[in-house]
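See structure below.
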Amino acid sequence: MGLFEKNRCRKFFQFIQEFNRNDEKTYKGYNINGPFKDIVKKFSLETNTVDFVGHAVALYTNDDFLTSDSLPTIEKIQLYMSSIDRYGPSPFIYPIWGLSGIAEGFSRLN
């Protein structure tokens, strides 16, 4: 990822982090009910970055997320971002503690 792409990606993730479905001011003029590819296009993200966001962050198994509504994808990315550093450096429980750690992780009080 080049320097300019990093900046565009940072702005995209900043938009996602500040997004609130109940506050239209956070939409920043983007059509949240439109396809996700329109939002990605407004941020001028490269294809590799879009693939990373869709498949590694939002955990989609195909490219259908690009043509479907943006809101579910935005919420999946927000969930990923809020999960980072919750139980360690990874947003996933399994790679850190193994399969037995999943039940234990959800039974703890925070």
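Quick note: the coordinates plus some simple rules give every number you see, no bench work behind them. None of these values were measured; they are calculated from a predicted model. Backbone-built Cβ (ideal geometry, glycine too); neighbour counts: all protein chains shown.
Each Lys or Arg adds one and each Asp or Glu takes one away; over the other residues whose Cβ falls under 14 Å from the Cβ of ASP51, this sums to -3. Modelled this way, with points 7 Å down the Cα-to-C-beta line, the labels at ASN7 and LYS28 are 1.5 nm from one another.
For region 40-81, the gyration tensor built on C-alpha atoms gives a rounded shape. Its axis ratio a/c (a ≥ b ≥ c) stays under 1.5. The Rg/Rh ratio for region 1-69, using Cα coordinates for both the radius of gyration and the Kirkwood hydrodynamic radius, is 0.95.
Distance between the modelled labels on SER82 and ASP51, one decimal in nanometres: 3.0 nm (7 Å Cα→Cβ projection).
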